[in-house]
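As structure tokens, the structure follows; a few thoughts come after it.
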Amino acid sequence: MEPRSLYNRIAVLRHERGISRKVLAEAVGVNFQTVGYLEREEYNPSLDLAFRISAYFGLPVDMVFSTEPMKPLSEEILETRNRRL
């Protein structure tokens, strides 16, 4: 079976919070180059790393990572709100 590509919002979340790759890398215990590989979707994180990154941003894993191309975060939030109504 071929490995699946994962899409992510790491770069967007980092930029929103003004966090460098180095700061994120240190917080989740990886090399800053790994963060770059993840952002460019050249590398899929382990399940543990995906959870650590998601926890760092305070978001569920499915808001940070997906097997499908991701919608803009604002669109995701609106859909979530509409489902609750």
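Bear in mind that the values in this text are calculations on the coordinates, not laboratory data. Quick caveat: nothing in here was measured; it's all calculated off a predicted structure. With ideal geometry, Cβ positions are generated from the backbone for all residues, glycine too; neighbour counts draw on all protein chains shown.
Tabulated data for the structure shown
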| quantity | calculated |
| --- | --- |
| With Cα atoms, 0 to 90° folded angle of helix 47-57 axis to the chain main axis | 70 degrees |
| Separation of the Ala11 and Glu41 label points, Cα + 7 Å toward Cβ, nm | 1.0 nm |
| Efficiency of FRET between Phe32 and Ala55 - r from beta-carbon atoms, R0 22 angstrom, step 0.05 | 0.75 |
| Residues Arg17, Arg84, Arg52, sorted so that the one with the fewest Cβ neighbours within 10 Å comes first | Arg84, Arg17, Arg52 |
| For the chain: span of alpha carbons on each principal axis (Å, largest first) | 42, 37, 19 |
| MRE, 222 nm, helices only [DSSP H, n ≥ 4, -39500 (n - 2.57), over the chain, to nearest 500] | -16500 deg cm²/dmol |
| Rounded to 10°, Cα long-axis angle of helix 73-84 versus longest principal axis of the chain | 40 degrees |
| Among Pro45, Pro72, Pro60: highest mean-square fluctuation, GNM of the chain, C-alpha pairs under 10 Å | Pro72 |
| Lys, Arg +1 and Asp, Glu -1 on Cβ, resulting dipole of region 1-84 about Cα centre, debye, nearest 20 | 300 debye |
